[in-house]
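Some notes on the structure that comes next.
The values are calculated or read from the model by the stated rules, or taken from the named source; none is laboratory data. The structure presented is a predicted model; accordingly, all values stated were derived computationally and were not measured. Cβ sites come from the backbone with ideal geometry, for glycine too, and all protein chains shown count toward neighbours. Each accessible area value is taken on the protein alone, full model and side chains, heavy atoms only, with ligands, DNA and RNA left out. Shrake-Rupley method; radii C 1.70, N 1.55, O 1.52, S 1.80 Å.
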Amino acid sequence: MLRRLFVLFAALIALAACAGSSSDGPASPQVKVEAGGEDYRLGPEDKVKVTVFGETDLSGEFLVDSSGVLAAPFVGQISVKGLTLRQFETAYAAKLREAQILRDPRVSAEVVSFRPIYVLGEVKKPGQYAYVSGMTVQKAVALAEGYTYRASESTVEITRGGKKFKVDVTPVTKVFPGDEIRIPERFF
């Protein structure tokens with residue numbers, strides 16, 4: 001039993017190391033991963049619904065704090081920043097086993113609400129907006145009540161994961177949770 005726990009713990013550390021050092025995150029707006037998909041990585045301000053089958057006291061909705069930590073009853077704090085949902089489920093189950101609460105927990109997790117997006121620059125109402133799955137740049141601009149008369153409607157600057165890039169706006173230019181969308185001023 002102790003050996004199995006040690007192997008599981010080592011595997012979790014290896015997974016966490018891989019998640020933290022991964023450089024294959026979204027590098028361009030053409031990435032085809034949906035926000036709720038397998039590759040979505042948790043971050044601050046995400047709200048996660050955790051279901052531990054047969055255990056309502058261990059289930060619930062939890063908010064990831066600004067440092068990327070989720071606090072859950074009985075298991076305490078779990079660092080989830082950068083983890084996929086599957087990695088988080090594994091970590092939550094491991095915490096339940098470590099605390100000797102359940103021997104073989106079955107854990108399921110889903111994102112209830114994503115971290116917000118920020119629409120800035122030449123829009124009528126710049127600010128923070130709630131992310132909705134499948135959001136595009138055009139929908140984000142619509143949330144900000146449209147372009148100003150000085151806006152460049154053909155290009156946008158997106159900051160994602162600390163990296164900035166400029167892209168041509170098309171009807172399918174995707175936005176992801178936590179993105180900062182800056183609409184530049186056009187040059188006549």
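Below, the figures for the structure above:
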quantity: Hey, LEU120 assigned to a strand (DSSP E or B) and over 14 Å from the mean Cα position of the chain (by Cα) or not; calculated: yes
quantity: Any chance VAL123 is over 19 Å from PHE53 (Cβ atoms), surrounded by 19 or more Cβ atoms within 10 Å (Cβ to Cβ) and at pLDDT 95 or above; calculated: yes
quantity: Every residue from region 145-188 that is under 26 Å from VAL64 (Cα atoms) and modelled with pLDDT under 90; calculated: GLY161, GLY162
quantity: Residue within region 98-107 that is in contact with an Asp or Glu (Cβ under 6 Å, 6 or more places away or on another chain), under 23 Å from LEU58 (Cα atoms), in a strand (DSSP E or B) and β-branched (Val, Ile, Thr) present; calculated: yes
quantity: Residue selected from region 60-95 under the condition among the aromatic types (Phe, Trp, Tyr) and over 14 Å from GLU45 (Cβ atoms), by the criterion surrounded by the fewest Cβ atoms within 10 Å (Cβ to Cβ); calculated: PHE74
quantity: From PRO177, PRO184, residue being open to solvent by less than 70 Å² (accessible area, probe 1.4 Å), within 18 Å of LYS49 (Cβ to Cβ) and touching a Gly at 6+ places or on another chain (Cβ under 9 Å); calculated: PRO177
quantity: Of the criteria (1) farther than 30 Å from THR148 by Cα; (2) in contact (Cβ under 8 Å) with a residue 60 or more places away in the chain; (3) under 22 Å from the mean Cα position of the chain (by Cα), which one ARG97 fails; calculated: (3)
quantity: Test: TYR118 is of a type in the set (Phe, Trp, Tyr) and either modelled with pLDDT under 95 or farther than 17 Å from PRO184 by Cα (or both); calculated: no
quantity: In region 143-156, the residues that are within 17 Å of TYR118 (Cβ to Cβ) and open to solvent by less than 70 Å² (accessible area, probe 1.4 Å); calculated: ALA144, GLY146, TYR147, THR148, ALA151, VAL156
quantity: ASP24 vs. criteria part of a loop (DSSP other than H, G, I, E, B), open to solvent by 70 Å² or more (accessible area, probe 1.4 Å) and at pLDDT below 90; calculated: yes
quantity: Some residue of region 160-168 being in contact with a Phe, Trp or Tyr (Cβ under 7 Å, 6 or more places away or on another chain), farther than 26 Å from LEU63 by Cα and open to solvent by 50 Å² or more (accessible area, probe 1.4 Å); calculated: no
